[in-house]
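> This is the structure I want to talk about, given as structure tokens.
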Amino acid sequence: MNEPRKCGCGRSPTGNCIGWHKLTKEEYEAKLVAYQEKQAKKAEAAE
């Protein structure tokens, strides 16, 4: 029904559109680093 839209620009780390297509290259890179750090912390907490 309300399934997330797939990412067409290839920037989303989740594969679903999260609005990163409108970011500048610098903004995208900063968001990606922050996302990766958050995911690493989640993985450490799960262990």
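The numbers here are math on the coordinates, done by the rules we state, and not lab data. This one's a predicted model, so the numbers in the text were calculated from it and none came from an experiment. Cβ: placed from backbone, ideal geometry, glycine included. Neighbour counts: every protein chain shown.
> When you check LYS41 against the structure, is it touching a helix residue (DSSP H, G or I) at 6+ places or on another chain (Cβ under 7 Å), among the basic types (Lys, Arg) and in a helix (DSSP H, G or I), yes or no?
no
> Tell me, which residue of region 1-33 that is of a type in the set (A, V, I, L, M, F, W, C) and part of a loop (DSSP other than H, G, I, E, B) is surrounded by the fewest Cβ atoms within 10 Å (Cβ to Cβ)?
MET1
> Is there any pair with a first residue in region 1-22 that is under 15 Å from GLN36 (Cα atoms) and a second that is aliphatic (A, V, I, L, M) whose Cβ atoms are under 7 Å apart and which are 6 or more apart or on different chains, and what are they?
SER12/ILE18; PRO13/LEU32
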